[in-house]
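The values are calculated or read from the model by the stated rules, or taken from the named source; none is laboratory data. This one's a predicted model, so the numbers in the text were calculated from it and none came from an experiment. Note that each Cβ is placed from the backbone with ideal geometry, even for glycine, and that neighbours are counted across all protein chains shown. Ligands, DNA and RNA are stripped out before the accessible areas are found, and what is left, the full protein with its side chains, is counted by its heavy atoms. Shrake-Rupley method; radii C 1.70, N 1.55, O 1.52, S 1.80 Å.
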Amino acid sequence: LPAAGEQRPIRKGYLIARSSDKQTQYCELAPLEHFHHIRRQDCLDEFIDFINNPNSLTERHSVTQFAIDTLALHSTQQRIISINALMDPLQQTYNDSVKGWNCIKIKLGRQPIDKDIQFFNALLEKIPQQLRLRIDTNQRWSVDDFHQFIESVPLKQIDYFEDPLTDPKQYINFNNVPIA
């Protein structure tokens, strides 16, 4: 798993299921402890606290809040989040390891922004139009990089950008772009 400039062979966390009469939804609660600066157990404790007290205004880490939002535990609206394949453009191209998936997470941000844009636009020419994409830069883009990317590529196949900015306080400048 390439994240924050490291290669990790294993990612640990929790897979959480929510079942109803018609379906079962799944999400992960799996922070990268060295990157997100929160332990798995702390996320689990926050999640359990929310389950026991859903109206609490207690502050939660974004990893925990994403799991709550994914399972739509705070509203009656149900959403489905697809499991995705992982594609690292520094190590692979669009090939058999990611073909057949309906969603791919793409790791960007480890090369100059113009190379990321070039890679992404070339990828769009090769993939089916119904394929959903998630872009994860592990907080490596500046505000200018992010602006340049969203102005240079079509966004219609992108589900969301995960941790795109080096300065999370700048997310307020991108309220029209889906960010996880």
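Values as computed for the structure displayed
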item	result
Distance between modelled label sites at Glu33 and Tyr160, nm, 7 Å Cα→Cβ extension	2.4
Relative contact order (%) - criterion: Cα under 8 Å, at least six apart; region: the chain	14
Selected from Ile106, Ile135, Ile48 as most flexible by GNM, with the chain as the system and alpha-carbon contacts under 10 Å	Ile48
Within-15-Å neighbourhood charge of Ile38 [Cβ basis; K, R +1; D, E -1]	-3
Cα-based reach from Lys115 at 26 Å (exclusive), listing lysines while leaving out same-chain residues under 8 positions away	Lys99, Lys105, Lys107, Lys126, Lys156, Lys169
Fluctuation leader among Thr58, Thr70, Thr166 - the chain, Gaussian network, Cα springs under 10 angstrom	Thr58
Dimensionless Rg over Rh [the chain; C-alpha; Kirkwood]	0.96
For Glu46, solvent-accessible area (1.4 Å; no DNA, RNA or ligand), Å²	40
Efficiency of FRET between Lys99 and Asn52 - r from beta-carbon atoms, R0 30 angstrom, step 0.05	0.10
Full-extension gain in nm, His147 to Ser20, via 0.36 nm per residue minus C-alpha separation	41.7 nm
Full-extension gain in nm, Asp167 to Glu125, via 0.36 nm per residue minus C-alpha separation	12.0 nm
Anchor Lys12: aspartates and glutamates whose Cα lies under 18 Å away (excluding residues fewer than 8 positions away in-chain)	Glu28, Glu33, Asp42, Asp45, Glu46
Qualifying GluC sites (Glu not before Pro) in segment 121-180, DSSP loop, other Cβ atoms within 10 Å at most 15	none
Whole-number accessible area per residue in Å² for the chain, which is evaluated in the context of all protein chains at 1.4 Å	59
